Each structure stands twice: as C-alpha cells, then as structure tokens.
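Shown next, in structure tokens, is the structure this report addresses.
The values are calculated or read from the model by the stated rules, or taken from the named source; none is laboratory data. Every value quoted in this text rests on a predicted model; they were computed, and no experiment measured them. Virtual Cβ from ideal backbone geometry, glycine too; neighbours counted across all protein chains shown.
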Amino acid sequence: MTDKAFKNWHSMSDQVLAAHVGAFIKHHRLGQNKTQEVLANEAGISRSTLSLLERGETVTLATLIQVLRMLDQLQIMDAFEVHQSISPLALAKAEQAKRKRARNTKTPDREQSYW
C-alpha cells in the first residue's frame, strides 16, 4: 500500500489541508526549477501571493487555478468531475414506462363474425 492510502482527509483541519495544497504547489514549482518570482509572473499574481499559497495561507480559488495551470497540474481537477447518476427509484420508473410489446397498428379488413 502507498502512503496515500492511509491519509484521512476528513480528520484534517482546514489549515492542515491548505498546507498540504501549498506543499503540492511548492513541490511542483521546484520540480520545474522555477523561482517564486517566475511562477508568479507566469500566473499573473504577485510573488507574495504565491508565497502565501505555498505556506497554506488563504488565497482565492482563481489564484490556485492560475498557479495550477502554469505548473501544468490541472489534471487534479478530475477529482471534481461530476458524474450524473440516476436514483434507483427513477430507474425503476423509467423501466416501467418502457414499452414491453409491439402492437400491430394496421387492422386487417375482416368480415364481421356472427359469433
């Protein structure tokens, strides 16, 4: 098992989660050998704002997205993908509404029966 399997995100405080995001940003920035100044300029933010983000301080969501884009890390947005699901009750109603048999729409010309 990997270390990732043992993380309990629910038990972490907001401050710890923000610090984790900051560490992620810093790790990828250093991995690309970029200074804070260079990355901040690319993202269109100030160096001090990037520093706040890396320390786990409060920044806007737009700032985080800009930095992720410049680090080419937008694939983490996959975690926020919404999958439409149908409830079991709605599925049962849809199945019930489906036609079960075909019906002959043409009526043959028959003579009336005297029975």
What number of residues within the stretch 63-76 are assigned to a helix (DSSP H, G or I) and loosely packed, with under 10 Cβ neighbours inside 10 Å?
1
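Pick out the one residue from Arg55, Arg29 that is touching a helix residue (DSSP H, G or I) at 6+ places or on another chain (Cβ under 6 Å) and in contact (Cβ under 8 Å) with a residue 40 or more places away in the chain.
Numbers: Arg55 fails: in contact (Cβ under 8 Å) with a residue 40 or more places away in the chain.
Checking each option against the conditions leaves just Arg29.
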Kindly establish whether Ile86 is outside any loop (DSSP other than H, G, I, E, B), within 23 Å of the chain's Cα centre (by Cα) and modelled with pLDDT under 95.
no
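Residues are listed down the side, and each one gets a yes or a no for (1) not aromatic (Phe, Trp, Tyr); (2) not in a helix (DSSP H, G or I):
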site	(1), (2)
Phe24	no, no
Thr49	yes, no
Thr58	yes, yes
Asp78	yes, no
Test set (1) surrounded by 13 or more Cβ atoms within 10 Å (Cβ to Cβ); (2) at pLDDT 95 or above - Ala18 fails condition number
(2)
Applying the selection to the stretch 21-48, what residues are under 25 Å from Trp9 (Cβ atoms) and more than 18 Å from the chain's Cα centre (by Cα)?
Gly22, Ala23, Ile25, Lys26, His27, His28, Arg29, Leu30, Gly31
